[in-house]
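Structure, as structure tokens:
Bear in mind that the values in this text are calculations on the coordinates, not laboratory data. Since the model is a prediction, treat every value here as computed from it, not as a measurement.
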């Protein structure tokens, strides 16, 4: 082997030893070449955005903001903690809402089908019309009248009152006005011997006696 061959062999050995070191450099160079256009575009966009800020940016205000954030660290920490609690609450309530909302919609739909919502709307319309037609003093007087009517309705709960009203309401069913005949003095005298007429006169006397108390 001559000198030239020895030199070429050494060069080949050196190239083989340098190859592991050269390949990463080449790869880094290729990566740099690939990223350079993107970096240039990003820098251009950054410059444009900073130019848009322009004179509105004040470095002293920026540092003041940083100091304010540092002073408010406890408040920020507390706010973030409370926000976490709110998020946990929402996560816990969400399944309940998913089941409750359809039930509520179904309940409202049932009220709509039964006409309850229309009744409520109509009642509100009536109240609006009353408020428009009457003054506050008139409405107060009407309210007093309703109170009196409620008191009378309460008195109707008395068993004796209910019994009397039921019997009075049943009287027209037993009357036959089409076949009623005229009655003179004589018939009135002879009618006094009828037991039903006697009972009726007794009832009328009791009612007359009771109505006499209205005078006082």
For residue 204 and residue 96 in one chain, what is 0.36 nm times their gap in residues minus the Cα-Cα distance, to one decimal in nm?
32.0 nm
Separation between Cα centres of segment 79-93 and segment 137-154, rounded to whole Å
52
Residue separation times 0.36 nm, minus the C-alpha to C-alpha distance between residue 195 and residue 43: what's the value?
42.7 nm
